Amino acid sequence: MLFINYTILLRTLLFIKKMLCEAQKKLLIIYMEQHEELRRGQFTATFTYKKAQQLWEEITTNLNSVPNGQAKDWKKWRKTWQDIKKNAKAKNAAIKRHRNMTGGGPACSSSLSDQETEVLSMIGPMQTDGIGVEETPLEFSFVEQSLPSTETPLQDVIYDIAEMDSEKEKVDQKIVTDTEEKNNGAYQEHNYTLEYPIQKKGKGRPQPPRKISKTARLQTSLALSQKHLASMKEKNDIEAAYYRNKNFIDGLKMRAHLRSEIFQNVWWRHLKM
């Protein structure tokens, strides 16, 4: 009877899949090296959210065409680039802390690979050393994980807020347009244009223009006020929903920061072992 060790077989398949995806990883790093504005992730007057999305869709097409590679959408490939930077920074920081330890001790067995060194040189010393929160040091892998991510990268938050701002501007513009059309329709309905005096035959004096009753004027004013209040209420509801989403994202960032500190401590204890 042929005995099959499924654990070894599974590890072998995962290793082969990871090696096949190295080509995608190298291609992604080369593409980011050629597009500094996309690598920095900062929107300007010339580099907008729409332009960034177009570049990500372009590299997604090339990455998904790699034989035996993984197929993802552009948002997941953007997350993959964030993981590459995050893990390279975390590994570099752990090596530096080990070197700066007092009292001696065993030499650090970890070292940066050529790709990690290239990524660190691209993102610059400010992002490498950090000025505040340290990111979660997770081992990079192209193999899909069974557990969800525990934090939201800052660049993903920036893209999400930009999407919400864009949608909010579209809705505000629609509200203004609808309000103007309704107001114009109300004025046309009641026909406030002045009438020219009509000369009657046989009389020299012109007839005075017909006056609009007070009731009609009050009804028109009331209708316009109600439409204006309805438009303002709709706009306030949209703004409230926008800020609720923004506060939710801020909460995710705060929880990610706390979890990052916990994982950083676990990583540091693992290096000491």
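Here are some notes:
- Note on the stretch 1-52: among residues that are part of a helix (DSSP H, G or I) and in contact with an Asp or Glu (Cβ under 9 Å, 6 or more places away or on another chain), the one that is modelled with the lowest pLDDT is Arg39.
- For Trp56, the conditions (1) surrounded by 15 or more Cβ atoms within 10 Å (Cβ to Cβ); (2) out of contact with any Lys or Arg (no Cβ under 9 Å at 6 or more places or on another chain) are fulfilled apart from (2).
The values are calculated or read from the model by the stated rules, or taken from the named source; none is laboratory data. All values derive from a computational prediction rather than experimental measurement. Cβ sites come from the backbone with ideal geometry, for glycine too, and all protein chains shown count toward neighbours.
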